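Visitor: Provided herewith is a single structure, encoded as C-alpha cells, for subsequent inquiry.
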Amino acid sequence: TSFGFKEVREEEKSQMVGKVFSNVASNYDLMNDFMSGGLHRLWKDRLDFVCIFVLIISLLSSCCFLYFTSSAQFIRLVSKLSPFPGMKHLDVAGGTGDVAFRILESVNSIKRRALQDPLNDDLQEETRIYVCDINPNMLDVGKNRALEKGLGEDKSLVWVQGDAEALSFEDNSMDGYTIAFGIRNVTHIEKVLSEAYRVLKRGGRFLCLELSHVDIPVFKELYDFYSFSVIPRLGEIVAGDRESYQYLVESIRRFPPQEKFASMIADAGFQKVEYENLVGGVVAIHSGLKI
Ligand code: SAM
C-alpha cells in the first residue's frame, strides 16, 4: 500500500487479526491510557529525543483523540440503544467489556428508579448482556475489568468466545446488538451484518461504533499523520509491537466510507439506517432497525 504495509489476503486476515489482538490485549489499557493523555508512564521510562518528538506531536494531536478514546462515544452509543431491564443484548467484539459495562450501568440505574415505584412489576425478567469476542485474551481483559468493578459475579454479564461471522445465538433472540471498534477487523462484513440481523428480534436495534473517514481538509492531514506516523511509533515504544498498531491504522483506511457502510447495513435487511459522525468522522455510529 502507499503506507508501506503489506496487503493482507482475505484468507489470512482472521489469523492476522487474532495475532494482532493477542499481542495488543496485554497492552490494551496502557495504549489507551497513553493515547488519551496518560503520558506520564512514558516520561518515566523512556526519555530520549525520539520519544520527546513523538510526545510533542502526540500531545498536540491527542486533543483531538481525547474524545475518540474517551468514553463519550460509548455513552452516545448506549444512549441510542435505550437499554431496559430484562433486555437480552449482544455486544460483539466486546472483549474489553467497555460497552457491556455501560449498558449494565444504564439498566441498573433504570432499575433503581423503577424500584422506587411500587406499581412497577416490570422488573422480573433477568437482564442478559452477552459479550462475544473471538479472542480469549481480549475476553480476559474484560473479565478482569469486571472483577475490578465488583461485577465478577454479576449474572447479567455472560462472556462468550465466538466469531461475529457465525454466531452461536438463536434467531430472533436479542433486543439489541452492538459492535464497537470491531467490524473493521472481520473478514466478511456482510456475514457479520447478516448474523446481526438473524439474531435480533423484530424491533431490535443494530448499532455499530467504528473508526471511519474524515473529510475535513487540514484535520484529515493531521489525522493521517497521527495515524500512520505517530501511532505505529507509539506501538513500538510503548508496546514493543509496531506491526500490530500499523495493521490497526491500515484497517481504518480500508474500511468502507460512511455512506457505503450504511448501504451495506440496509442490504442486510435493516431499516431506518442512519449514521452520525463524531469528531468530523474520526468515529461514526451507524444504526439500523429490524422491523
Ligand atoms: N469493543 C471493544 C472496545 O470498544 O473496547 C473492543 C474493541 S477491539 C479494538 C476489537 C475486538 O474485535 C478485539 O477484541 C478482537 O478480538 C475482536 N474481533 C476481531 N474479529 C472478530 C470476530 N470475527 N468476531 C468477534 N470478535 C472479533
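Read the figures in this text as sums done on the coordinates, not as results from a lab. No experiment lies behind these values; they were computed from the predicted model shown. Glycine gets a Cβ as well: all are built from the backbone with ideal geometry, and neighbour counts include every protein chain shown.
Visitor: If you average the sequence gap of Cα pairs under 8 Å that are 6 or more apart and divide by the length of the stretch 153-202, what percent do you get for the contact order?
Guide: Relative contact order of the stretch 153-202: 49 percent.
Visitor: How far apart, in nm, are the 7 Å Cα→Cβ label points at GLU276 and GLU148?
Guide: Modelled inter-label distance: 2.8 nm.
Visitor: Could you put CYS132, CYS208 in order, starting from the residue whose Cβ has the fewest other Cβ atoms within 10 Å?
Guide: The most exposed by this proxy come first: CYS132, CYS208.
Visitor: Can I ask one more? Suppose we keep just the alpha-carbon trace of the stretch 202-291; what are its Rg and Dmax in angstrom?
Guide: Every Cα atom of the stretch 202-291 included, Rg and Dmax give 15.6, 48 Å.
Visitor: Classify the stretch 124-264 from the C-alpha gyration tensor, please: rounded if a/c falls under 1.5, else prolate or oblate depending on whether a/b exceeds b/c.
Guide: oblate
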